[in-house]
1. Looking only at the range 67-119, which residues are within 22 Å of Gln194 (Cβ to Cβ) and either in a strand (DSSP E or B) or among the hydroxyl-bearing types (Ser, Thr, Tyr) (or both)?
2. Regarding the range 282-293, can at least one residue be identified that is assigned to a loop (DSSP other than H, G, I, E, B), over 23 Å from Ala345 (Cα atoms) and either among the basic types (Lys, Arg) or at pLDDT 95 or above (or both)?
3. All but one of (1) free of Cβ contacts under 8 Å to residues at least 40 places away in the same chain; (2) within 16 Å of ligand 1 (Cβ to nearest atom) hold for Gln253; state the number of the condition that does not hold.
4. In the range 456-467, is there at least one residue being of a type in the set (S, T, N, Q), closer than 29 Å to Leu205 by Cβ and part of a loop (DSSP other than H, G, I, E, B)?
5. Just give me the residues in the range 22-46 being more than 18 Å from Tyr403 (Cβ to Cβ) and out of contact with any Leu (no Cβ under 7 Å at 6 or more places or on another chain), in sequence order.
6. I'm trying to understand the selection: among the residues of the range 204-232, which are open to solvent by 10 Å² or more (accessible area, probe 1.4 Å) and either part of a loop (DSSP other than H, G, I, E, B) or outside the structural domain of Asn261 (by TED's automatic domain parsing) (or both)?
7. Can you pull out the residues in the range 466-481 that are more than 16 Å from ligand 2 (Cβ to nearest atom) and either open to solvent by 40 Å² or more (accessible area, probe 1.4 Å) or in contact with a strand residue (DSSP E or B) (Cβ under 6 Å, 6 or more places away or on another chain) (or both)?
8. Check the range 279-293 and report whether any residue there is among the hydroxyl-bearing types (Ser, Thr, Tyr), in contact (Cβ under 8 Å) with a residue 12 or more places away in the chain and open to solvent by less than 10 Å² (accessible area, probe 1.4 Å).
Amino acid sequence: DPESQPVSVQVNQLGYLPDGDKLAVSTGQGNQSFRLVSQEGEVIFTGFSSELKFWEPAGEQVSLADFSELQQPGAYQLQVEGSDPIAVQIGEDVFEQIHDAAIKAYYFNRASVQLTPEFAGAWARPAGHPDDRVRVHASAASAERPAGTEIAGPKGWYDAGDYNKYIVNSGVSTYTLLQAWNDFEDFYRQRHWQIPESANELPDLIDEILWNLEWMRAMQDPHDGGVYHKLTTLNFAAAVMPHEATAQRYVVQKTTAAALNYAAVMASASRVFEDFTQQHPGLADDYRQSAELAWQWAVENPGVIYQQPEDVSTGAYGDQQLEDEFSWAAAELYLATGNADYLQAFFARDKEIKEASWSHVAALGYYSLATSDSLSGEDKQRVIQRIVSAADKMLAQHQQSAYGVAMVEEDFVWGSNGVALNKAVLVYQAWQLSGEQGYLQVAQGLLDYVLGRNPTGYSYVTGYGHKTPMHIHHRQSEADDISEPVPGWLAGGPQPGWQDECSYPSRLPAKSYVDDWCSYSTNEVTINWNAPLVYLLAAFSSDSQQ
Ligand code: G3I
Ligand code: 9MR
């Protein structure tokens, strides 16, 4: 009986932009009266929530309280009939601090360096994983570099809650941050978040990206242009601090996916570093040449799928479908070199796209081409049309959803919060290209969703919101003696796969989440889920500044 249940109300716990959509989700009977009350106790806005509607992913009926018309910045209490009041912020800058935290998370995951109290605060720690003497695994042996040869592959970001470094996942993450630079350069030229390089001449975002590019660069075998799939221990480390995880590290198997991922990222980086030739002379050229070399290797070795060697049990990031990797790399190489052969290679693979993920990267090439001056006429229209028609599907999902969130049951896979935010990036691109407000509302709904307007009531970013994950599957956060986890990390999110030994409160897709270290299938963090979060928070912070 819905009347006997307490009404629960979920909001974006960070807040709302003055001129954006403002939705709260409410359980209960629907058509409830609600009001927003100022800090002075004045009733500023009143309304009624919508009719009840069923949302499959959560198996529940909810109604929406829409207070978009209220545009006055401030701190309010939202009171929905039958529920406790809940704090709501409205302001231009509600996403700025969480943005800085989400990008600072990459600093906290840097390999090969000490984190000092000046920059890391309570989460300071000794350096881990110098990665200056990494062994070539038997699966990666070549004439010039037989098994056991030692190479150096320092720096980079740890992938996730584990300490390994995987090219495929690093690539999508790095590209998404480069894209944030390309799309929000003005914002990033002004913004600092206290990293050791903050005092240098480069923007902080470029310094952070460079930390990982330097590692990626070392993953290419200069003898043939091939790229190792990962740099890893044979097995996952225990939950110890980085400097205590000292098992031998290896580079494992060169793969086509790694080569193409690497080629795409290096090509994209070469364009960005054209603007920083004073600080880094020759770097843009070096990146471009190394990208072409990796592409060449992939063309000569087009079907080398990752196969986990018997003695290795860390993340696989194995992908059977490589056409999207070819497409993305071709797009980036065309833009970096102007060579029309690459554009042809791209259009030969032109088809419908969907939101990006580590295994589906086609969208990324479309994003780059859609905004480039190197493309025009029908070619450009075709590229834009692919983005817009993918966005239209999400717009329809948003409009049909009882939650006002473009998430459907099949989106609840490992890393569902990353799915939500990569969908948001796609619709945001569509908005930039078309100016259609509806796409922006879809992006807003998805950001609201990960920041609290969801059926678990968690703002899924550590340290930001009134109910946030405390026990993420992140080795530093688990092993240090600080009760708060490292801040700014997005938890993977609910999904009903139950691939670990944890127990879950529900198997409904959007409710199958537990804030426990044991839940690596819903509560781990990774660089590839944080990247679209950074992108969106920059988008919503910089738009409000224009
Ligand atoms: O795509 C299919 C979908 O078609 C199918 O319907 C669905 C049903 O289960 O599964 C979907 O595939 C899932 C895939 O993630 C979706 O991206 C797989 O079941 C699932 O096992 C797979 O999980 C991956 C996980 O590693 C296990 O391999 C995650 O994507 C990936 O993000 C995660 O990455 C790990 C690294 O290996 C190690 N480092 C941490 C990192 C994050 O947990
Ligand atoms: O900690 C590992 C996490 O980073 C991975 O994403 C996950 C899936 O590959 O595996 C975790 O390691 C677990 C291992 O697979 C099985 N034994 C327990 C480990 C976590 O404590």
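1. Selection gives Tyr106, Tyr107, Arg110, Ser112, Leu115, Thr116.
2. Within the range 282-293 (the criterion being assigned to a loop (DSSP other than H, G, I, E, B), over 23 Å from Ala345 (Cα atoms) and either among the basic types (Lys, Arg) or at pLDDT 95 or above (or both)), the answer is yes, since at least one residue qualifies.
3. (1)
4. Yes, that holds for at least one residue.
5. Passing the criteria: Ser33, Arg35, Val37, Ser38, Gln39, Glu40, Gly41, Glu42, Val43, Thr46.
6. Pro222, His223, Asp224
7. His466, Lys467, Met470, Asp481
8. Looking through the range 279-293, at least one residue is among the hydroxyl-bearing types (Ser, Thr, Tyr), in contact (Cβ under 8 Å) with a residue 12 or more places away in the chain and open to solvent by less than 10 Å² (accessible area, probe 1.4 Å).
The values are calculated or read from the model by the stated rules, or taken from the named source; none is laboratory data. Note that the structure is predicted; figures quoted are calculated from it, not measured. FYI the Cβ positions are ideal-geometry reconstructions off the backbone, even for glycines, and counts take in every protein chain you see. All accessible areas refer to the heavy atoms of the entire protein, side chains included, with ligands and DNA or RNA removed. Shrake-Rupley method; radii C 1.70, N 1.55, O 1.52, S 1.80 Å.
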